[in-house]
Amino acid sequence: MDCYSDFKGKELCFSGNVKIDNPQALDRFVNNEIKKEKADKTNHTMFRGINEAKCKLYNSFQRVWKQRNLQKIGVQQSEMIQQMINICKSKDSVCYKHYKQLGVICNEWLVLSFLQHYGAMSPFLDFSKSYKVALFFAFKDLEYRYSSVEIDNYVSLYYCRIKDVLRDLKEVGSLKSYAESVAEDKESCQTKDGRLKLNTKIWNEELSFRAVTEKFPVLVIPRYDNQTNICNKRIKIITKYIVANLNATCQDGEFVCNVTDEPLEMRLLKDGKSYLKCANIHKGLKDYIIKKYLEGSMEKAHKKYFLTGNDIAKEAQ
């Protein structure tokens, strides 16, 4: 699979692309860059951590598609993804029955978030509102052995300002904004309290995976619970879509959907300007990061960010 062979090649695709080699540099970066991003309440910053700085930002579907040369079977990427969605949305599916029992519309984005967190190939990449979650995944299960190839000695923390991306990159959209615009057009759906209710038909047609990705091949999907009411512009937006599991809740997780052949960094690049920032952190800082930023131990961090149903039950007992 495509990887960067060195930092020189990587820096062409990312803004900043700094290298952090000691605790002092890490603390400065967190205090001067990350916390500044978080302090801006008008901003929406998403973070992602991976434990190999050389890896390009392909999602699991893209990786499987390329590794297995699936284009040879004559099926489009979006068609294969749609087939997976349809299986989970069929009325005989346990997935469909489960959400129906909860009173939730089993929309296609909810299905994709379920598939993402339970091992299926997916067009989603996980991001989080929390930089600590990104650090957790950058160092989770990492066993560091020195390499003579410089880039092999680093993990990466990626982050971007969603407001800037949506303003400048026309091929990138937000499911939240798109759904709100659909709701505004559906005056006939307006209820007595002024809210606009999106019914199953609208979710299945106008907000379907295929309909939205035809307009936006790269799509930002914020973290929301799954409800079906959307307020109009006169009332605060309460739209909620896609939390399908405990992982997304624990990790303050969000998604970016990419149904192109290119890694995400290439889709967030315009006229030589990258909207995706990168900090490359030396793997030797793992113990320091765990102690200062990750609850003091990986075990505690794991219970906080990777909680399972069994963990909750054991804690309750």
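The values are calculated or read from the model by the stated rules, or taken from the named source; none is laboratory data. Treat the numbers as computed from the prediction; the structure is a model and nothing was measured. Every residue, glycine among them, receives a Cβ derived from its backbone with ideal geometry; neighbour counts consider all protein chains shown. Surface accessibility is based on the protein's heavy atoms, side chains included, excluding ligands, DNA and RNA. Shrake-Rupley method; radii C 1.70, N 1.55, O 1.52, S 1.80 Å.
Tell me the residue from K100, K91 that is modelled with pLDDT under 95, part of a loop (DSSP other than H, G, I, E, B) and closer than 29 Å to G309 by Cβ, please. Going through K100, K91 in turn, just one is modelled with pLDDT under 95, part of a loop (DSSP other than H, G, I, E, B) and closer than 29 Å to G309 by Cβ: K91. Only one of the numbered conditions (1) free of Cβ contacts under 8 Å to residues at least 40 places away in the same chain; (2) more than 23 Å from E206 (Cβ to Cβ); (3) open to solvent by less than 60 Å² (accessible area, probe 1.4 Å) is violated by K97, and that is (3). If you go through the stretch 107-132 and pick out every residue that is of a type in the set (A, V, I, L, M, F, W, C) and outside any helix (DSSP H, G or I), you end up with 5. As a summary of the residue check, F216 satisfies the conditions (1) of a type in the set (A, V, I, L, M, F, W, C); (2) modelled with pLDDT of 90 or more; (3) within 30 Å of K19 (Cα to Cα) except for the one numbered (3).
Residue-by-condition table, conditions (1) exposed (fewer than 15 other Cβ atoms within 10 Å of the Cβ); (2) part of a strand (DSSP E or B); (3) in contact with a helix residue (DSSP H, G or I) (Cβ under 8 Å, 6 or more places away or on another chain); (4) not hydrophobic (A, V, I, L, M, F, W, C):
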| position | (1), (2), (3), (4) |
| --- | --- |
| A134 | no, no, no, no |
| D141 | yes, no, no, yes |
| Y144 | no, no, yes, yes |
| Y158 | no, yes, yes, yes |
| V165 | no, no, no, no |
| K170 | yes, no, no, yes |
| G173 | no, yes, yes, yes |
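Of the candidates K286, K292, K300, the single residue that is within 19 Å of E143 (Cβ to Cβ), part of a helix (DSSP H, G or I) and not aliphatic (A, V, I, L, M) is K286.
A Cβ distance below 8 Å, combined with a sequence gap of six or more or placement on separate chains, defines the contacts here; from the stretch 290-310, residues that are over 22 Å from R28 (Cβ atoms) and touching a residue at least 24 places away in the same chain (Cβ under 8 Å) reach residues that are open to solvent by 30 Å² or more (accessible area, probe 1.4 Å) and acidic (D, E) in the pairs A301/E295; K304/E295. Looking at K201, is it modelled with pLDDT of 55 or more, surrounded by fewer than 18 Cβ atoms within 10 Å (Cβ to Cβ) and touching a strand residue (DSSP E or B) at 6+ places or on another chain (Cβ under 7 Å)? Considered against the rule, which asks whether it is modelled with pLDDT of 55 or more, surrounded by fewer than 18 Cβ atoms within 10 Å (Cβ to Cβ) and touching a strand residue (DSSP E or B) at 6+ places or on another chain (Cβ under 7 Å), K201 comes out as no. With respect to the conditions (1) under 21 Å from the mean Cα position of the chain (by Cα); (2) crowded, with 17+ Cβ neighbours inside 10 Å; (3) closer than 30 Å to K286 by Cβ; (4) not basic (K, R), Y154 falls short on a single one, namely (1).
One residue stands out in the stretch 15-60 among those that are of a type in the set (D, E) and part of a helix (DSSP H, G or I): the one that is modelled with the highest pLDDT, namely D27. With the structure loaded, tell me whether E262 is of a type outside the set (V, I, T) and at pLDDT 95 or above or whether it fails that test. Against the criterion (of a type outside the set (V, I, T) and at pLDDT 95 or above), E262 qualifies.
Matching residues to (1) crowded, with 17+ Cβ neighbours inside 10 Å; (2) within 21 Å of Q251 (Cβ to Cβ); (3) of a type in the set (A, V, I, L, M):
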| site | (1), (2), (3) |
| --- | --- |
| Y4 | yes, no, no |
| D40 | no, no, no |
| N43 | no, yes, no |
| M46 | yes, yes, yes |
| G49 | yes, yes, no |
| E52 | no, yes, no |
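If you go through the stretch 269-283 and keep only what is open to solvent by 50 Å² or more (accessible area, probe 1.4 Å) and in a helix (DSSP H, G or I), you end up with nothing.
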